[in-house]
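Have a look at the structure below, then the notes.
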Amino acid sequence: MNIYIVRVGDVEKEILLFIKRGVEEAFFHKVTCIVLGDRLQLPHETYNDVRCQYISEIILDKILEYSTNLKRDKGEKCIVLGVTNVDIYSPGMNFIFGEANCPGKAAIISLFRLRPEFYGEEENKQLFVERSIKEAVHELGHALGLRHCKNPLCVMYFSLHIGMTDRKMRKFCEECAIKLRHLITKN
């Protein structure tokens, strides 16, 4: 199975390469991760002037549409992970780090709140990369069909705030890893 990573808006390529390596490692090297040169535009209708944020569902629909076209062109099963630098939210939530169709063929993560600078801290590239990989792995786990895990150290644990993201590992707990191996071979 291939996982394609695509920029949504302006995103530096270097972080995409870090995410690629982290995803392949987290998924036991059973998936191939490919960073695409394409860039999807943020649809204007996704921006909420009142909140100064972008609604994730519409962006996710655009990624799903892109995924469908990619699958048709490549003739293979694939998941597309969109990566954006804008602040995203879902109805009922103040913000989200990411979202995915569960199960499905599309996922998105936002780097906006993963940067230490967002919280008034010093720039820390290593921490930023670690958070980005965790969120990518988490959302791709959902796209493959995994639900939230009760283990607070598992990458599939729900992160309500950045401290919860920092606490969890970037890999799957034993229980989720068993489920994931089954899901990967099924797909």
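A short reminder: the numbers here are calculations on the coordinates, not readings from a lab. Just so it is clear, the structure is predicted and the values come from calculations on it, not from any experiment. Positions of Cβ are generated from backbone atoms using ideal geometry, with glycine treated the same way; all protein chains shown enter the neighbour counts.
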Which Cα, out of GLY98, ILE34, VAL6, lies furthest along the positive dipole direction of the chain (beta carbon charges, K/R +1, D/E -1)? ILE34
Computed over the range 2-146, the convex hull of the Cα set has an average projected area, in nm², of 8.5
Share of alpha-carbon pairs per 10 Å distance bin for the range 94-144, given as whole %: 28, 46, 22, 5
Net charge near MET156: determine it from the other residues with C-beta under 13 Å of the C-beta of MET156, scoring Lys and Arg +1 and Asp and Glu -1. +3
Nothing charged except the Cβ atoms of Lys and Arg (+1) and of Asp and Glu (-1): what's the magnitude of the dipole of the range 93-187 about its Cα centre? Round to the nearest 20 debye. 480
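So what's the net charge close to ARG113: Lys and Arg +1, Asp and Glu -1, counting the other residues with Cβ under 11 Å from its Cβ? Don't skip to the answer; put the middle values down first.
Working: positive: ARG115, ARG131; negative: ASP87, GLU117, GLU135.
Charge balance in the 11 Å sphere: -1.
If you wrap a convex hull around the C-alpha atoms of the range 25-84 and split its volume per residue, what is the figure in Å³?
108
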Treat the count of other C-beta atoms within 10 Å as a stand-in for reagent exposure and order TYR89, TYR4 from fewest to most. TYR89, TYR4
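Size of the dipole of the chain about the Cα centre, Lys and Arg at +1 and Asp and Glu at -1 on the beta carbon, nothing else charged, in debye to 20? Numbers along the way, then the final one.
Working: 27 positive and 25 negative charges, 175 e Å.
I would put it at about 840 debye.
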Per the rule of 0.36 nm per residue minus the C-alpha distance, extending GLU65 to CYS52 adds in nm 2.2 nm
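What number, in percent, do you get for the relative contact order of the chain if the mean sequence gap of Cα pairs under 8 Å and at least 6 apart is divided by its residue count?
Values: 345 pairs, mean separation 36.4, N = 187.
Worked out over the chain, it gives 19 percent.
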Cysteines without a disulfide-compatible partner [the chain; Cβ-Cβ under 4.7 Å]: CYS33, CYS52, CYS78, CYS102, CYS176
Show me, for the range 82-91, the HN-Hα J-couplings you get by feeding each phi into the Karplus relation (A = 6.51, B = -1.76, C = 1.60, θ = phi - 60°), rounded to Hz, glycine and proline as x. x, 10, 10, 9, 8, 6, 10, 8, 10, x
The distance between the Cα centres of the range 109-123 and the range 1-67, in whole Å, is 18
Here the percent of antiparallel bridges among DSSP beta bridges lying wholly in the chain, to the nearest 5, is 25
Quick one: net charge of LEU40's neighbours, Cβ under 13 Å, K/R +1, D/E -1? -1
